[in-house]
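Working notes, beginning with the structure itself.
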Amino acid sequence: MKTALITMALLVVSNTFMTFAWYGHLKMQQLGWIKDWPLYCVILLSWGIALLEYCFMVPANRIGYVDNGGPFSMMQLKVVQEVITLTVFTILSVFVLSGEKLHWNHLAAFACLVGAVYFVFLPTGK
């Protein structure tokens, strides 16, 4: 249980950096911080942030993977990571980046993700 929690915590941190790498520059542009930057500079900034993402994602996957003593198969790691990605993105998008509102279809999509987690953790009948 402890390994699963450590894995998920690392994935949350990792995905926070990734969200800022992919979308944070849009908020920085909106605020005027990097408004006149050429695209290649924005790309380099995003790569720098993404490097931090990898510093947490790779250990999360190593620690969480069943062949390394973790509780998750590779498929389970991926599905958990995707749910964490969308959860982190939604929270940051609503409260930090753009102030977008959540709508019923967003909640329906999250329900489908919960279903994906349920199905990926079902026994395979080996």
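What the table below lists for this structure:
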quantity: Lone qualifier among 44, 26 - being in contact with a Ser or Thr (Cβ under 8 Å, 6 or more places away or on another chain), loosely packed, with under 14 Cβ neighbours inside 10 Å and farther than 23 Å from residue 2 by Cα; calculated: 26
quantity: Matching residues, region 58-69, being more than 10 Å from residue 15 (Cβ to Cβ) and in a helix (DSSP H, G or I); calculated: 58, 59, 61, 62, 63, 64, 66, 67, 68
quantity: Condition broken by residue 53, with the remaining ones in (1) modelled with pLDDT of 95 or more; (2) open to solvent by 40 Å² or more (accessible area, probe 1.4 Å) satisfied; calculated: (2)
quantity: The one condition in (1) surrounded by 15 or more Cβ atoms within 10 Å (Cβ to Cβ); (2) of a type in the set (Phe, Trp, Tyr); (3) over 16 Å from the mean Cα position of the chain (by Cα) that residue 33 fails to fulfil; calculated: (1)
quantity: Qualifying residues in region 70-101 (those that are more than 22 Å from residue 119 (Cβ to Cβ) and not in a helix (DSSP H, G or I)) - the one most open to solvent (accessible area, probe 1.4 Å); calculated: 101
quantity: Residue match in region 47-57 (condition: farther than 26 Å from residue 3 by Cα and assigned to a helix (DSSP H, G or I)); calculated: yes
quantity: Single residue of region 102-126 satisfying the filter (within 30 Å of residue 66 (Cα to Cα), part of a helix (DSSP H, G or I) and among the aliphatic types (A, V, I, L, M)) that is most open to solvent (accessible area, probe 1.4 Å); calculated: 114
quantity: Residue in region 14-31 that is touching a strand residue (DSSP E or B) at 6+ places or on another chain (Cβ under 7 Å), among the aliphatic types (A, V, I, L, M) and either within 24 Å of residue 119 (Cα to Cα) or outside any helix (DSSP H, G or I) (or both) present; calculated: no
quantity: Residue match in region 85-101 (condition: modelled with pLDDT of 90 or more and of a type in the set (Lys, Arg)); calculated: no
quantity: Any hit, region 23-45, residues being within 30 Å of residue 73 (Cβ to Cβ) and not β-branched (Val, Ile, Thr); calculated: yes
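The values are calculated or read from the model by the stated rules, or taken from the named source; none is laboratory data. Note that the structure is predicted; figures quoted are calculated from it, not measured. We place every Cβ from the backbone using ideal geometry, glycine too, and count neighbours over all the protein chains shown. Quick note on the areas: whole protein, heavy atoms, side chains included, nothing else; ligands and nucleic acids left out. Shrake-Rupley method; radii C 1.70, N 1.55, O 1.52, S 1.80 Å.
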